[in-house]
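No value in this document is a laboratory result; all are computed from the given coordinates. What you see is a predicted model; the values in this text were computed from it and never measured. Cβ atoms come from the backbone with ideal geometry, glycine included; neighbour counts cover every protein chain shown.
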Amino acid sequence: PCLRRLCSPLAEKTGKVLGEFCRCYKEQYGVALFNSVRYEIEGNGGPQAQLLHRKVPLEDHVIYSGNLFQYIEENKKWRNRFCVVPHNYGLVLYENKLAYERELPPRVLINSAGYKVLTSVDQYLELVNSSLPGVTPKSGHSPILKCPTDFPLILWHPYARHYYFCVMTGKEQEKWRAVFQDCVRHCNNGISEDSKVEAPAFTDAVRMYRQSKEQYGTWDMLCGNETQVLSNLVMEELLPELRTTIGPRLKGKAQERQRTWIQISDAVYRMVYEQTKAQYDAAMAKCEQERPQMESTIRTDMDQIITSKEHLASKIRAFVLPKAEICVRNHVQPYISSILEALMTPTSQGFAEVREVFFKEVTDMNMNIVNEGGLEKLVEYMEKLSHLAFHPVKMQSCYEKMDQLKLEGLQQRFDVSSTSVFKQRAQIHMRQQMDDAIYTFETLLHQELGKLQGKDDLCKSIQRILERVLKKYDYDSSTVRKKFFREALLQITIPFLLKKLAPTCKGELAKFQELIFEDFASFILVENTYEEVVLQSVMKDIMQAVKEAAVQRKHNLYRDSMVLHNSDPNLHLLGEGIPIDWGEEYSGQPEAESAADKRRRAKQVVSVIQDDEGVLPYEVGAEELLQPSSPEPQEMVEPEEPDPGALPSSPGRVEEIREALGKESLGDGVEAEGRLTNGTDATRESADVPSEAAVPCATPASSPAPGAETPSPSAGMACHQPSDKETGEEVASPRGQCSPPQPTSTTESGEGVQTEF
C-alpha cells in the first residue's frame, strides 16, 4: 500500500522537524537551568500557602469503575466492557467485571490526552466530515457510526484512533461524561510541574519552534506528556501534506473513505510517536549528561552571568521598549479590563462553588454524626470525604462554571484559537484547592480526636475546624486566582505583541548577539531576553488591572497588601507526617492483611462513585442485542455467536433490551472467561482488511498499537494498578519499523490489546 511507500519520506520529514525542535530544546535547557539555580540562590517566592498540600493524593486508589458498551471497529459489533479508572487516570477496559476480579489482562488501555469527549453522534460526524475536506456522505446514506441507544460517548482525537461507547440512560451518560472529562483533563496536564528545568525548557522550546513558523497564540494540542506533545507538533505539519497526497487516492463510498482516513492518520501518528520518543529521549539524555558541568559554571560565574544579561537587556530595552509601549497603549491596554472580567466571572464562580461543595459535605457529615453518632460513622464519612476532590460527578458543578468562559471578539483580536487551555487550567486549580482544603481539614480533625469527649465535643470541633479551614481556603484561593489571571493575561497578550513587533524588531535582534560572552552563550539568549523586555512593557498594566479588581472585592479577592499570618505554626509540620488512613487506623482490622484482601477492600471502599440505583444488567453476551443493522454485509462473521436480532428501531425499545439482558445466564459469562485465556484464531485478524484494489492506501483496520500485545495472566496484579506504561504514558515498541507490528496472538474477537498513548 501507498502508506508503506510513504514511510521513508514521513520518517525523513519527522526527523527534520524533531531535529529543529531538539536544537531549540538544547538552547532553552541552558536558560532554564540558569533560571532554576538563580531562583534557588536568590529565592523570591510568593505568599506562603495556608492550606496543606497532599503529596500523593490517590496512591493505590481507584477513581471509578462500571459497565458500558464499546463499539469494536474490527468486527463492527458492540461489546460489553467493564471500565476501571485507576489513580493515574488511564481508561482500562476489561472483558467484564469477572475478568477484572480474576485479575485477567485488560482488553484496552487508553491515555486520553488530546481527546475530546462527545455525547452526540452528530457532533462526531461534523468533526469527521471536516477532517477530510470534500468527502461528505450524501443525505440518506448510512453514516460512519450508528449508535444503538440515544446515549453515546465518543472519544475523538484529531490524529489518533477514535473510541466509541454507549450506555442505557441519560443519567449514566452524564456520569461517564464527567469521568471521561476528568481523565482528559488530568492526562492533558501531563508535563510535570515538579521539574524546574526540563518542563520550562520543553514548553519554551515548543513555543519558540512554533513562533519560528509564524505560529503565535495559544495551541490546543499542548496536551499530554512531552512525547505526545511533540507527536502533535509533528502531525500538525505532516497532516496537510498527507491529506493532499493520500486523500484523492481513497476509493469507495464516502463512509469507507472517512473510515480509512482515520485508520491511516492513526497509523501515521503511531509511527511518529515511536520516532519522536526515541529522538527526544536521546536529546534529553545528552542535556542531562552535560548538566553537571553547566551547573558548575553557573554557580561559579553567577554574578558575571547576571551582569552580562542585564547589560544585554538594557541595550535591547532601549531599542524595543519605545515601540512596545506604543503597541501596548494602542492595541492591548484598552482591552485588558475586558479580558480580565471575562476570565474572572466564571473562575470566581467555580472557586465559590468549590467552597460551597466542601462546606455542604462537611456540614452534612456533621449532621449525620449528630443523628447516627459514634466514631465509626466519622471514619466512614471521612474516607469518602478524603477523596471528594477526585469525585468527577460531585466536582462537576464546580468545573462546569468554566463553560461560561467566552472571550467573544477578543478571541479573534488576540489570536486565541480556543479557551479550552484556560478552562482546563482553572479546573485543575479548583481540584487542587479542594484537595488542599480537605487534607487540611482531616489533618486538624485527626489531631483533635484524642482530646475529644463524646459526640457533642466531636461535632463542635468539626464546626470549629471547618471555619478555620474556610478562612485559609479564601486566602489561598484568592492567591491562586490572582496568579491564574496574571498568567492568562500574559498568555493572551504576549504572543499578540510579539507578532505585532516582529516585522520591525525581530530582524534586528541578531546584532545584539555580539554582546554575549562566549562562555555564557548557553545561559543567555537574545530571543529570550527580547521576550522578557516585551513582557515588562505590558506587565505593569496587567498587575494594575488585577490589583484594581482585588480592591473592588467584586470577586472575593484579597488585596496584595493583605497577608494572613499563620495562626497554626505547627500545621505544616503535621502535613509532613504519615498520610492518614481512616479505615485502617479506626476500623479495628488486624494489621496483617493479604494482598487479595486489600485489593477486594479497595474495590469496595475506595471507589468514589457509588451507583445509587444499582448496576444495570450489562452481562456477557448481552451486547449481541445491540448489533447495528446495516445495509452493508459484515466482513467478519463469528459462527459461534450468531446475531440474535436487529438494532432496536427506537429508544422506546430500551426497556425490551433491559428485559432481555436480565434473562442472560451467568454461564455465558463463565464461558467467555474460559475463551479469554485459551489462545485464539489469529486468522480472524485479517478478515476486516480492506481490499487494496478498493482502498489503495488503507492500513489493516485491526492493526494494534505500537507494542500492543496480549499480556499473560501472570501480569494480573498490574491490572488493578496499571503503571504509566500500561495506561499509555509510555509505549514500548520496536523502533525503525514503518508499519505497526502484528501481535503474536489475538483474542477471540480479533481485537488484540489496544494501547493508546
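At a 10 angstrom cut-off on C-beta neighbours, averaged per residue, how do the peptides 82-89, 266-273, 243-250 rank from highest to lowest?
Working: 82-89: 21.9, 266-273: 24.1, 243-250: 14.8.
Result, highest mean Cβ count within 10 Å first: 266-273, 82-89, 243-250.
The equivalent ellipsoid of region 349-453 has semi-axes of 37, 12, 9 Å, largest first, where each one is the square root of 5 times an eigenvalue of the Cα gyration tensor.
Where in region 393-443 are there GluC sites (Glu not before Pro) that are in a DSSP coil and have at most 16 other Cβ atoms within 10 angstrom of their Cβ? Write down the numbers at each step before the final one.
On the way: sites: Glu400, Glu408, Glu442; in loops: Glu408.
Loop-located and lightly packed - Glu408.
Projection of the Cα convex hull of region 144-234, averaged over all directions and equal to a quarter of that hull's surface, yields 7.8 nm². Residue ranges 224-236, 312-324 sort as 224-236, 312-324 when ordered by packing (mean number of other C-beta atoms within 10 Å per residue, highest first).
Checking every one of the trypsin sites (Lys or Arg not before Pro) in region 141-233 against DSSP loop status and a limit of 14 other Cβ atoms within 10 Å picks out Lys213.
Sequence-ordered 3J(HN,Hα) estimates for region 17-29 from the Karplus curve with 6.51, -1.76 and 1.60 and θ = phi - 60° stand at 4, 5, x, 5, 5, 4, 5, 4, 5, 4, 5, 6, 4 Hz, glycine and proline given as x. Listed by chain and number, the lysines whose alpha-carbon sits under 22 Å from that of Lys377, ignoring those within fewer than 8 places in the same chain, are Lys360, Lys394, Lys451, Lys455, Lys460, Lys598, Lys603. Take the residue pairs Lys253/Lys423; Lys401/Lys472; Lys55/Lys213 and return only those whose Cα atoms are more than 28 Å apart. In this structure, Lys253/Lys423; Lys55/Lys213 lie more than 28 Å apart at Cα.
Loop-located GluC sites (Glu not before Pro) in region 166-203 (DSSP state other than H, G, I, E, B) with a sparse environment of at most 13 neighbouring Cβ atoms within 10 Å: Glu193. Rounded to the nearest Hz, the phi-derived 3J(HN,Hα) couplings of region 225-233 under the Karplus curve 6.51 cos²θ - 1.76 cosθ + 1.60 (θ = phi - 60°) are 7, 4, 5, 5, 4, 5, 4, 5, 4, where x marks glycine and proline.
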